[in-house]
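All remarks here apply to the structure that follows.
Every number in this text was worked out from the coordinates using simple rules, so none of it is lab data. Just so it is clear, the structure is predicted and the values come from calculations on it, not from any experiment. A quick note on method: Cβ atoms are made from the backbone with ideal geometry, for glycine too, and the neighbour counts reach across all protein chains shown.
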Amino acid sequence: MKKIFALTILIAGLFTAKSSQAQVCDTIASLCSEHLPANYISDGQSYRALLLNDQVAEFHVTLYGNSIYRIAACSGLEDGNLIFSVYDQDRNLLFTNKDFKNAPYWDFKITNTLDCIIEAQLDNEKLSSGCAVLLIGFKK
């Protein structure tokens, strides 16, 4: 009986931790959405990852030609905590916000449809763990 009770407590604790993690990510996503103004239409996705220490999250996206995109990247309650880099399918670096003081968003003009890999990692000088959120929108 004691083992069942302990197991129940453990499972309840795991669900509570998972739920609080989701709430933190929801808050960050809400703050990040402020970087997608009304003249940008969201792609409908919220790219999220829990990052610890030097971990890197990888997201695969297709950006369609003749469009202007905005990628917004956030972690924590302040801007500038998340480094994101955009690569083509051959892993050629196309852009990194690290060269721009970890800017929380960047606009891209895409002339030809492009499969991309977006990597996100925390700026370890600012955060050692947290929820990374990327939002992508295209201009109307």
Beyond 19 Å between alpha-carbons counts as too far, so tell me which of Lys98/Lys140; Lys109/Lys140; Lys109/Lys139; Lys101/Lys140 fall in that bin. Lys98/Lys140; Lys101/Lys140
Starting with the highest mean, order 70-80, 49-59, 96-106, 124-134 by the number of other Cβ atoms within 10 Å, averaged over the residues of each peptide. 70-80, 124-134, 96-106, 49-59
How about Lys126: which aspartates and glutamates have a C-alpha closer than 13 Å to its C-alpha, ignoring those fewer than 8 places off in the same chain? Asp54, Glu78, Asp79
For segment 34-55 and segment 76-140, what is the separation of their C-alpha centers, rounded to whole Å? 9 Å
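Among His60, His35, which comes first, second and so on when ranked by fewest other beta-carbon atoms within 10 Å?
Values: His60 10, His35 19.
Fewest-to-most ranking of His60, His35: His60, His35.
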Of Asn112, Ser75, Leu93, which is farthest towards the positive pole of segment 55-128's charge dipole, taken about the Cα centre with +1 and -1 on the beta-carbons of Lys, Arg and Asp, Glu respectively? Asn112
I'd like the Karplus ³J(HN,Hα) series for segment 24-31: coefficients 6.51, -1.76, 1.60, θ = phi - 60°, whole numbers in Hz, and an x wherever there's a Gly or Pro. 5, 5, 4, 5, 5, 4, 5, 5
